[in-house]
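For reference, the structure is listed below as structure tokens.
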Amino acid sequence: MSLRLGDTAPDFTATTTTGELQFHDWLGNDWGVLFSHPKDFTPVCTTELGTVARLKPEFDRRGVKVIGLSVDGVSDHEGWSKDIEATQGVALNFPLIADKDRSIAEAYDMIHPNAEATATVRSVFVVDPAKKVRLTLTYPASTGRDFSEILRAIDSLQLTSTKQVATPANWRKGDDVIILASVSDEQAREAYPEGWRAPRPYLRYVPDPSTKSEGAA
Ligand code: BEZ
């Protein structure tokens, strides 16, 4: 069965380019992004892994560990890493899982047989420090992912985990956010004594509380 938002991310032991690891232990108290790619030595995957390596400081800044996966072996991963560095101008700086027996791919429902019988699709799982699945994405092999969108979504997940707000379409960190419908006007007045902008009673905008030093609910 596929994993749903709020489910516990299945734990596993993995062979990776940085050695053996136990997923939950490796995550520790950090957030995590587990993403699959269909096959080593393929062009779109090569660009994706270079992109994630280049964005690694942005994941680090958000307290997020990244880990890739394919059903190829570690020796292929190591050979391919040299191509990634040579063609993308950045070395792999996060572990790549070698899921040769596909046990992890199956636990996360990353193989979609009606799309491709043996390789994984391009799955993304964002996992929070409680090991709960907080976001999933599924792209076909022919479509490379936009990892800046994943960073943007993580900004929203991290903000909305601690504040009683939601983020509107195309939101970027620093843009106005929306007070949750479950927060009454009375409660909102306590949290936002300076008020809010409300084009409709159910659409209450306030400045992004993560850009303020204190005081927001
Ligand atoms: C690619 O990464 O380019 C790719 C991998 C599998 C199928 C199609 C494209």
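The values are calculated or read from the model by the stated rules, or taken from the named source; none is laboratory data. What you are looking at is a predicted structure, and each value in this text was computed from that prediction instead of being measured. Cβ coordinates were reconstructed from backbone atoms using ideal geometry, including for glycine residues, and neighbour counts include every protein chain displayed. Ligands, DNA and RNA are stripped out before the accessible areas are found, and what is left, the full protein with its side chains, is counted by its heavy atoms. Shrake-Rupley method; radii C 1.70, N 1.55, O 1.52, S 1.80 Å.
Would you point out the residue of the range 122-175, among those that are open to solvent by less than 50 Å² (accessible area, probe 1.4 Å) and acidic (D, E), that is nearest to L5 (Cα to Cα)?
Taking the candidates together, the pick is D128.
Please determine whether any residue of the range 93-109 is hydrophobic (A, V, I, L, M, F, W, C) and either loosely packed, with under 14 Cβ neighbours inside 10 Å or within 13 Å of the ligand (Cβ to nearest atom) (or both).
no
Residues V90, V66, V52: which one is part of a loop (DSSP other than H, G, I, E, B) and either at pLDDT 95 or above or surrounded by 15 or more Cβ atoms within 10 Å (Cβ to Cβ) (or both)?
Being part of a loop (DSSP other than H, G, I, E, B) and either at pLDDT 95 or above or surrounded by 15 or more Cβ atoms within 10 Å (Cβ to Cβ) (or both) holds for just one of V90, V66, V52, which is V90.
When the residues of the range 122-147 are filtered to those that are of a type in the set (A, V, I, L, M) and more than 13 Å from E48 (Cβ to Cβ), which remaining residue is farthest from the ligand (Cβ to nearest atom)?
Within the range 122-147, the match that is farthest from the ligand (Cβ to nearest atom) is A130.
If D30 satisfies every condition in (1) closer than 25 Å to S156 by Cβ; (2) open to solvent by less than 10 Å² (accessible area, probe 1.4 Å) but one, which is the exception?
That leaves (2) as the condition not met.
Which ones in the range 22-49 are away from the ligand (no atom under 16 Å from the Cβ) and in a strand (DSSP E or B)?
Correct list: Q22, W31, G32, V33, L34.
Do the conditions hold for R172, that is, is it touching an Asp or Glu at 6+ places or on another chain (Cβ under 8 Å), farther than 30 Å from P10 by Cβ and of a type outside the set (A, V, I, L, M)?
So R172 fits the description; yes.
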